[in-house]
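The values are calculated or read from the model by the stated rules, or taken from the named source; none is laboratory data. Computed from a prediction, not measured in an experiment: that's the story for all the values here. Because the Cβ atoms are built from the backbone with ideal geometry, glycine has one as well, and the counts that use them run over all protein chains shown. Protein only, heavy atoms only, side chains kept; ligands, DNA and RNA dropped before computing areas. Shrake-Rupley method; radii C 1.70, N 1.55, O 1.52, S 1.80 Å.
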Amino acid sequence: MKIICIGRNYAEHAKELNNAIPTEPVFFMKPDTALLKDGEAFYYPDFTKDLHHEIEIVLKISKVGKHIKQEFAHKYYDEIGLGIDFTARDLQTKAKEKGLPWEKAKAFDGSAPIGKFVSKNLFTELSDISFELKINDESKQIGNTKDLLFSFDQIIAYVSQFVTLKVGDLIFTGTPEGVGPVNIGDKLQGYIKNELFLEFEVK
Ligand code: ZN
């Protein structure tokens with residue numbers, strides 16, 4: 001399986017990092033070795049001094065597809081969950097300055113913790129899902145999918161022009177504003193509509 005991540009998909013987050021608001025989706029990938037599941041602890045890597053959290057709604061692909069039309073995109077994912085797109089912001093900033101790829105900053109082992117997934121049919125409106133990241137019980141990021149620049153269906157249509165989507169692939173749909181550093185000892189908790197979906201510690 002592969003992990004596809006959408007960058008700059010919330011305008012307020014693009015602005016907080018001084019990035020232009022994109023006119024088409026920006027995407028990058030993480031390998032399967034980036035996954036961290038079942039509440040396993042995340043170990044702070046020694047190659048960064050500025051590891052940032054990015055809480056994101058994650059889609060799970062349920063059907064193989066390429067060149068998917070937007071009107072059929074909803075048939076290609078069946079479950080929704082939460083993940084953290086961990087980012088070594090210091091490495092990413094250097095890479096961006098030089099126009100280099102982001103993999104060192106984004107694709108390292110454990111950089112994609114995910115929590116539980118539920119059927120997307122549990123949500124009456126996919127374009128109105130609120131979610132939140134708390135660190136040590138303090139709210140750090142609050143988002144709602146109504147603020148997405150590119151909807152779930154638009155993302156799937158766009159990405160599948162370039163990359164075949166396979167069953168089990170995950171799509172991280174972008175982070176709202178409020179990204180910031182995590183530290184050793186932090187406890188992260190992710191909520192969708194006030195229900196706990198994701199929980200782990202940084203060691
Ligand atoms: Zn992200």
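Ligands, DNA and RNA left out, the accessible area of the range 81-203 computed with a 1.4 Å probe is 49% carbon and sulfur. Under a 5 Å amide H cut-off, with hydrogens placed 1.01 Å from N, Tyr43 pairs with Lys203 among residues at least 5 apart or on other chains.
Okay, helix-only estimate at 222 nm for the chain: each DSSP H run of n ≥ 4 adds -39500 (n - 2.57), divide by all residues, round to 500 deg cm²/dmol; what do you get? The partial results should precede the final answer.
On the way: 4 runs with 28 residues, N = 203.
My calculation for the chain gives -3500 deg cm²/dmol from helical runs alone.
The heavy atoms of Ile142 offer some 110 square angstrom of accessible surface to a 1.4 angstrom probe. Annotation: lysines with alpha-carbon distance below 26 angstrom to Lys96 (same-chain offsets under eight excluded): Lys2, Lys15, Lys30, Lys49, Lys104, Lys106, Lys140. A simple spin-label model places the labels of Lys66 and Lys96 3.2 nm from each other, with each point 7 Å out along Cα-to-Cβ. For the range 157-193, applying the loop criterion from DSSP together with a ceiling of 16 other beta carbons within 10 Å to the chymotrypsin sites (Phe, Trp or Tyr not before Pro) yields Phe162. Using θ = phi - 60° in the Karplus curve 6.51 cos²θ - 1.76 cosθ + 1.60, the 3J(HN,Hα) couplings for the range 77-91 round to 9, 10, 10, 10, x, 10, x, 10, 8, 5, 9, 7, 4, 5, 5 Hz; x is entered for Gly and Pro. Here the spin labels are modelled as points 7 Å beyond Cα on the Cα-Cβ line, and at Asn136 and Glu201 they lie 1.4 nm apart.
Here the chain is assigned +1 on the Cβ of each Lys and Arg and -1 on the Cβ of each Asp and Glu. Its dipole about the Cα centre then comes out at about 640 debye. Taking each residue as 0.36 nm, the span from Ala20 to Val163 lengthens on full extension beyond its C-alpha to C-alpha distance by 49.0 nm.
Projecting the Cα atoms of Gln154, Leu126, Asn144 onto the charge dipole of the range 101-178, computed from C-beta unit charges around the Cα centre, puts Gln154 farthest toward the positive end.
Tell me, what is the per residue accessible area of the range 153-201 in Å², probe radius 1.4 Å?
Numbers: 1920 Å² over 49 residues.
Normalised by residue count, the accessible surface of the range 153-201 is 39 Å².
Among the GluC sites (Glu not before Pro) in the range 117-152, those located in a DSSP loop and surrounded by at most 15 other Cβ atoms within 10 Å of their own Cβ are Glu125. Restricting the range 5-66 to chymotrypsin sites (Phe, Trp or Tyr not before Pro) that sit in a DSSP loop and have at most 15 other Cβ atoms within 10 Å of their own Cβ leaves Tyr43, Phe47. Using a probe of 1.4 Å, the accessible surface attributed to Asp46 totals some 140 Å² when neighbouring protein chains are kept in position. Quick note on the range 3-201: its Rg to Rh ratio, both from C-alpha atoms and Rh being the Kirkwood radius, is 0.93.
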